[in-house]
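Data block below; observations after.
The values are calculated or read from the model by the stated rules, or taken from the named source; none is laboratory data. Predicted model, so just to flag it, every value in this text is computed and none were measured. Note: ideal-geometry Cβ built from the backbone for every residue, glycine included; neighbour counts use all protein chains shown. Side chains are part of the model used for accessible areas, which takes the heavy atoms of the whole protein and leaves out ligands, DNA and RNA. Shrake-Rupley method; radii C 1.70, N 1.55, O 1.52, S 1.80 Å.
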Amino acid sequence: RSGRTVLQYFGGTYESAKTDGRKEFLRMIDFIKKNKGKVNEIMVYALDRFSRTGGAAIKLATDLREKHGVIINAVTQPVDTSNPSGVLSQGMHLLFSEFDNKLRSQRVVAGLKAKFEKGIWAVNAPQGYDSVIINGERKLVVNAEGKIIVKAFQWKIDGIKNIEIVERLQSLGLKKMNKMQVQRILVNPFYCGMIAHGMLNGRVIEGQHEKMISREMFLRVNNILEGSSRFNISHKPDDINLPLKVFMWCVDCAKPITGYKMKVKVKKGSEQTFQYYYKCRTKGCCFNKNVKDIHGKFETLLARITIKAEFIEPLMFQLEKTFNDLNAENKGKEKYLKELQTELQKKVDTIEEKYFIGGEMTKETYDKFATRYASEKFEISKQMENCTVSSSNHKSKLKRALEFACNPLKMWQCGSIGIKEKLQRLLFPEGLAYDKEIGAFRTNTINSLIAVIARLSGDSLLVQMQMAPILGSQSRSAEK
Ligand SMILES: [Zn+2]
């Protein structure tokens, strides 16, 4: 185009700067030597394509220019090397391109970071996702495993312990699942469409990949996980008198309230008794109240929480639905186990044929397989039993849960310390704030009631709609 005649092309394919003695490069030098006088220019796209070794590249450029009359012309960095300043300039370019090569590995990191910032998960996708190419673009989509993993989040909301979640996932086909992986999955915001990576310095970014669960669901699960570590504080014997310890918060200090006991002065000879108090942990905060006073107020609060008539029907409906869903799940599990059983029977048939009929198997081998299959068979039948047992378990659990919610005051008064705490957490998942100025708990009982229904029913749509006012503030903080 610019009056040059192209004699030969070199490279062209993905020639990386990884190997110094590049074949194409040597072929080009060879070509120049053989065609002495015919070649007067080497065109390259950019100088960093020419060579990676700065000093050697300058020497080579000098040699080519002075001994062979060949100049190097970079399309993207045009320099006139017929004058000294041009030569210097090209030398600089070549030196810089070496520097640039060294920077390249850093650039890969920066490129990765830029991708994360755009919401693109550029590294290996977490379990439950496949990477597919759609219209030339890499997309991360939920795969078959993911459709099973999603159940783990719902189970966590239903109050299932991680260890049981592991068992359930395993029985649905995720053989390699373990407790650590379940925990890792439950706390990974990737599953609700967000990206959190070490390169983002603590920022959480809206991802471009397919969501497995809603953000509300993720937050609920993580509230539960956080709550269980916050509330699972072992109780000293004295604490049975202080059920609201830690659960109750001081409005002024935003700190959990602790409790203590005091000896009551008694006449000589009679038994020693104690008085219990709740106290704010902050020095100088004057919150310090007798247990009787606080418990009275808490009981008044509980008495106001009853299931209103209009809620009973939808609640029963939801419970029924949840029960049926669980049943369906068990049916699926049963079906899967039956398939396993059939498969196993085939294997047993095969080894029997080989040993008894074909004589292709030694007794030793046969015994080995027979024992293994028998234990597998036992394991499967045990799990099948669990399917039916757990469904009747759930029914009674749900029935109890409903009774629970119908009269929280009675449950709290009669229940053990464990029941008291469970009930408290169920009704007020965030704990209860006590305002010492007005001498009362601060709460929105309506929200709490909805929370109970949502929690009992495990209906995510209901949760999203009705818990939105509660979750709203948390969603915002997650976006920061
Ligand atoms: Zn305080």
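Points worth noting:
- Pairwise label distance in nanometres, I133 with R442, each label 7 Å out on the Cα-Cβ vector: 5.7 nm
- The accessible area of V348, taken with all protein chains in place and a 1.4 Å probe, comes to roughly 20 Å².
- Estimated vicinal HN-Hα couplings, Hz - segment 353-366 in sequence order (Karplus 6.51, -1.76, 1.60; Gly, Pro = x): 4, 4, 7, 7, 9, x, x, 8, 10, 6, 4, 4, 5, 4
- P(r) weight above 20 Å for segment 129-231, C-alpha pairs, percent: 42 percent
- Accessible carbon and sulfur surface of segment 132-172 relative to its total accessible area, %, 1.4 Å: 55 percent
- Theoretical gain in end-to-end length, L7 to I417 [0.36 nm per residue, Cα-Cα removed]: 138.6 nm
- Distant-in-sequence amide H partners of W249 (H built 1.01 Å from N, under 5 Å): I257, L432, A433, Y434
- Sequence of C253, C286 when ordered by accessible area, the most exposed leading, probe 1.4 angstrom: C286, C253
- Gain in span if fully extended, T342 to Y366, counting 0.36 nm per residue against the direct Cα distance: 6.7 nm
- Calculated FRET value between F356 and E385, using beta carbons and R₀ = 41 Å, to 0.05: 0.85
- Out-of-range pairs (alpha-carbon distance over 22 Å; input K268/K289; K255/K283; K151/K420; K347/K368; K175/K422): K268/K289; K151/K420; K175/K422
- With a 1.4 Å probe rolled over the protein heavy atoms of all chains, the accessible area of S171, S214, S416 falls in the order S416, S214, S171, largest first.
- If you sort V166, V141 by accessible surface, 1.4 Å probe, largest first, the order is V141, V166.
- Alpha-carbon centroid distance for the pair segment 143-210 / segment 237-261, whole angstrom: 33 Å
- Highest to lowest packing among 110-117, 155-162, scored as the average C-beta count within 10 Å: 155-162, 110-117
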